[in-house]
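A.B. asks: First the structure, then my questions, so here it is.
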Amino acid sequence: MEAEADTPRLEETPDEAPRYRTIWLVLSFLILIFGCGLVGVHSWVDAVAARYGASVETTRERVHSNRLIVDLSRHRDQPWNAPIEEAMYVDYDDVPEVMRQAILTSEDSWFFYHAGFNPIAIGKALLSQFGDDPRGGSTITQQIAKQVYVGSRRDFGRKFDELAIALWLEWHFSKKQLLEFYFNTPFMGHNTKGIEAAARYYFGYSFKRERTQSVAFTPDMAASLAVTIKNPTAGNPTKPRNMREARRLLLAMGIEPKTLTEKAVASASLPRRFAAHAFAKDRRLSDQFGPARDLAVTRLSRRLQGIEGGLDVVTFYSSETQLYLQSAIEKYAPPIRRAGYDQLTAVVVNNVTGGIEAIVAPPDAKIYPGSTVKPLLSLCALVDKGWTAQTRVDDAPIGVPPVRNGDRRYLGRISLEQALAASRNPPFVAMMRRFGPGCANDVLSRMKTGFRFSGGRDRSLALGAEPVDLMDLLDAYVTVATCGKVSNGPLILKEARQRGDQTVVLEEKAEPLAKDARLTAGFDALHEMLQATTGPTGTANGSRFVNDVAAKTGTSDDNRQITLITFTRAYTVLVSAGASDPSKLKRHLSSHALVKMVHNINANIHGGKDPGPLGCGPGTVVAGR
């Protein structure tokens with residue numbers, strides 16, 4: 001019998017089997033603990049985010065917005081003292097690489113490698129608290145969380161909330177998006193928010209308009225802006241401290257300073273040369289925010305009776321739109337002022353949000369609207385009396401003394417559309433006498449607007465010879481322009497939050513009217529008729545910068561005020577010039593004198609884009625068409 005081969009056999013000993021089972025049990029337990037930890041962290045982050053109302057849309061809105069810091073107990077009667085943070089949003093791709101690197105080197109060099117927090121930086125920050133140079137350990141993402149959601153209250157819980165929101169931000173946005181947000185969120189001193197507004201203020205440079213300016217952006221400027229984030233009040237580019245810190249940053253980046261040389265930064269006069277733009281007169285970007293700030297504080301005081309303490313207030317105001325408005329005024333207003341019209345009022349309303357993006361007017365402004373009230377009077381006939389754009393009316397003498405037209409002529413029997421386009425007076429006085437102010441006011445009530453025909457005789461009401469509240473008139477026009485999608489405009493307050501815990505105490509957004517087919521048909525008819533006003537025979541001829549522009553002119557009886565209102569699908573624009581003393585008018589202008597200014601405003605704010613056709617949508621039938 002052949003002997004068995006002497007081969008080794010691998011067999012588990014009785015002691016090894018339990019050892020393997022123990023290892024697998026420990027690994028399974030650790031995996032379970034890790035998984036439960038992930039679920040727990042995710043639940044914690046989502047709970048904190050929900051408590052602060054964090055969402056992708058809210059985050060985008062807040063980083064794009066200007067901010068007011070309002071304490072109603074101090075600013076209710078002095079709104080001009082409310083601090084402003086003026087924002088000019090800039091996209092990531094418009095920011096030069098040297099500016100990005102300066103911010104990353106100064107604020108968070110590991111930004112692209114961490115998950116929202118940096119344990120090493122946090123450890124160093126904790127150790128630094130026991131030394132002479134205490135530092136923060138927040139990452140860029142944590143700073144965004146603080147600026148956009150958590151606020152600056154001083155308690156231990158805030159840091160945990162900040163960490164949770166930072167993780168939430170990392171989960172919902174890319175690193176590139178977060179860095180873009182950071183370019184636009186920090187306070188940069190002198191009422192500026194974000195690097196675009198700061199660059200414009202301190203250096204007269206715009207990242208958004210690189211090819212259309214004479215100023216060249218340099219690494220020295222980039223470093224100066226980057227170190228401003230750490231100390232925007234005492235360490236901005238108007239301070240010698242900024243020069244020293246910026247030089248250190250450039251050397252840390254491996255860049256040899258050109259302006260911020262060792263000898264130059266030793267001179268206290270360097271800021272006036274380096275950031276000369278900030279020292280020039282009339283360079284404060286935030287000065288243009290004044291009317292919007294005053295209106296916001298006035299409305300806050302009315303809405304938030306009894307609320308005390310600091311508020312972070314986000315408005316619908318847009319710095320870009322305001323600059324377009326201001327530039328148009330500077331270009332086209334001088335001859336109007338020379339004629340004796342010393343009071344200029346202008347407002348731009350976004351027809352999607354219902355928000356005021358630009359304004360030159362005091363909070364409680366009133367104007368003599370002139371013929372801009374005629375479309376609102378016409379709604380009575382269009383909505384409740386069965387009239388159409390083609391209903392015939394008489395442009396003929398009426399009353400004693402007879403009602404006259406601006407050109408001293410009468411056109412006889414014409415359509416309502418022709419009467420509105422050419423702004424004939426007798427047909428509308430006749431309409432007021434026939435239907436009375438009550439008819440028009442009933443329709444205006446259905447529109448939920450504050451505008452009403454009241455306080456005068458039929459003739460003065462029909463011709464807009466009585467002063468009206470500017471915002472009430474705009475409210476009615478925005479409702480017409482949006483076909484009732486915005487019934488509560490024009491808005492200025494987007495959101496107000498308590499500074500300490502960021503609790504939202506006020507939020508406003510566009511509210512639509514309830515469905516009303518007859519009212520919508522009336523709006524649609526006005527869209528058609530007011531487009532004719534911008535045509536060759538209309539009083540607003542020349543207003544069209546795209547095909548679909550509606551407009552209405554208005555000149556008060558004694559020419560003391562001239563007004564032009566236009567609207568597209570995107571914007572409603574009102575510009576009005578008044579004379580504080582009509583007896584001092586050197587020339588009596590008509591509202592057509594405002595056409596070039598308004599055309600320029602519209603062309604710029606629409607950015608060369610056609611907003612699309614007017615009208616109140618498919619399915620709306622307008623009789624007589």
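The values are calculated or read from the model by the stated rules, or taken from the named source; none is laboratory data. As the structure is a prediction and not an experimental result, all values here were calculated from the model. Backbone-built Cβ (ideal geometry, glycine too); neighbour counts: all protein chains shown. The accessibility values were calculated without ligands, DNA or RNA, using every heavy atom of the protein model including side chains. Shrake-Rupley method; radii C 1.70, N 1.55, O 1.52, S 1.80 Å.
A.B. asks: Taking the stated definitions as given, is Gly355 small (Gly, Ala, Ser) and in contact with a Phe, Trp or Tyr (Cβ under 6 Å, 6 or more places away or on another chain)? Walk me through how you get there before you give the answer.
C.D. replies: Details: small (Gly, Ala, Ser): yes; in contact with a Phe, Trp or Tyr (Cβ under 6 Å, 6 or more places away or on another chain): yes.
So Gly355 passes the test.
A.B. asks: Being surrounded by fewer than 24 Cβ atoms within 10 Å (Cβ to Cβ) and part of a helix (DSSP H, G or I) is the filter here, so list the residues in the stretch 221-248 that pass it.
C.D. replies: Pro240, Arg241, Arg244, Glu245, Arg247, Arg248
A.B. asks: Identify, from the list Thr537, Thr520, Thr503, the residue that is open to solvent by 10 Å² or more (accessible area, probe 1.4 Å) and without any contact (Cβ under 8 Å) to a residue 12 or more places away in the chain.
C.D. replies: Numbers: Thr537 fails: without any contact (Cβ under 8 Å) to a residue 12 or more places away in the chain; Thr520 fails: without any contact (Cβ under 8 Å) to a residue 12 or more places away in the chain.
Result: Thr503 is the single residue among Thr537, Thr520, Thr503 that is open to solvent by 10 Å² or more (accessible area, probe 1.4 Å) and without any contact (Cβ under 8 Å) to a residue 12 or more places away in the chain.
A.B. asks: Would you tally the residues in the stretch 439-484 being in contact with a helix residue (DSSP H, G or I) (Cβ under 9 Å, 6 or more places away or on another chain), of a type in the set (Gly, Ala, Ser) and open to solvent by 20 Å² or more (accessible area, probe 1.4 Å)?
C.D. replies: 4
A.B. asks: I've got another one for you. In the stretch 388-416, which residue that is within 39 Å of the chain's Cα centre (by Cα) and open to solvent by less than 40 Å² (accessible area, probe 1.4 Å) is farthest from Thr553 (Cα to Cα)?
C.D. replies: Taking the stretch 388-416 and keeping what is within 39 Å of the chain's Cα centre (by Cα), we get 388-389, 406, 416.
If we keep only those that are open to solvent by less than 40 Å² (accessible area, probe 1.4 Å) as well, we get 388-389, 416.
On the way: Thr388: 21, Ala389: 18, Leu416: 16 Å.
Across the stretch 388-416, the extreme among qualifying residues is Thr388.
A.B. asks: Tally time: how many residues in the stretch 152-189 are in contact (Cβ under 8 Å) with a residue 12 or more places away in the chain, open to solvent by 10 Å² or more (accessible area, probe 1.4 Å) and in a loop (DSSP other than H, G, I, E, B)?
C.D. replies: 3
A.B. asks: Check off (1) over 18 Å from Val360 (Cβ atoms); (2) small (Gly, Ala, Ser); (3) open to solvent by less than 50 Å² (accessible area, probe 1.4 Å) for Gly306 and give me the number that stays unchecked.
C.D. replies: For Gly306, the failing item is (3).
A.B. asks: Can I ask one more? Give the residues of the stretch 191-220 that are aromatic (Phe, Trp, Tyr) and open to solvent by less than 20 Å² (accessible area, probe 1.4 Å), sorted by residue number. Steps first, please.
C.D. replies: Step one: filter the stretch 191-220 for residues aromatic (Phe, Trp, Tyr), giving 201-203, 205, 207, 217.
Selection gives Tyr201, Tyr202, Phe203, Tyr205, Phe207.
A.B. asks: Go through Thr568, Thr563, Thr503 for me and flag whichever is of a type in the set (Ser, Thr, Tyr) and closer than 22 Å to Pro335 by Cβ. Don't jump to the end; show me each part of the working.
C.D. replies: On the way: Thr568 fails: closer than 22 Å to Pro335 by Cβ; Thr503 fails: closer than 22 Å to Pro335 by Cβ.
Answer to the selection: Thr563.
A.B. asks: Would you please list the contacts, defined by Cβ atoms under 9 Å and residues six or more apart or on different chains, that run from a residue in the stretch 401-417 that is over 17 Å from Leu463 (Cβ atoms) and of a type in the set (S, T, N, Q) to a residue that is part of a strand (DSSP E or B) and open to solvent by 60 Å² or more (accessible area, probe 1.4 Å)?
C.D. replies: Once the first residue is over 17 Å from Leu463 (Cβ atoms) and of a type in the set (S, T, N, Q) and sits in the stretch 401-417, its partners that are part of a strand (DSSP E or B) and open to solvent by 60 Å² or more (accessible area, probe 1.4 Å) give Ser415/Arg392.
A.B. asks: Just checking, which of Leu526, Leu519, Leu506 is in contact with a strand residue (DSSP E or B) (Cβ under 8 Å, 6 or more places away or on another chain) and either of a type in the set (Phe, Trp, Tyr) or modelled with pLDDT of 95 or more (or both)? First the steps, then the outcome.
C.D. replies: Values: Leu519 fails: in contact with a strand residue (DSSP E or B) (Cβ under 8 Å, 6 or more places away or on another chain); Leu506 fails: either of a type in the set (Phe, Trp, Tyr) or modelled with pLDDT of 95 or more (or both).
After ruling out the rest, the residue left standing is Leu526.
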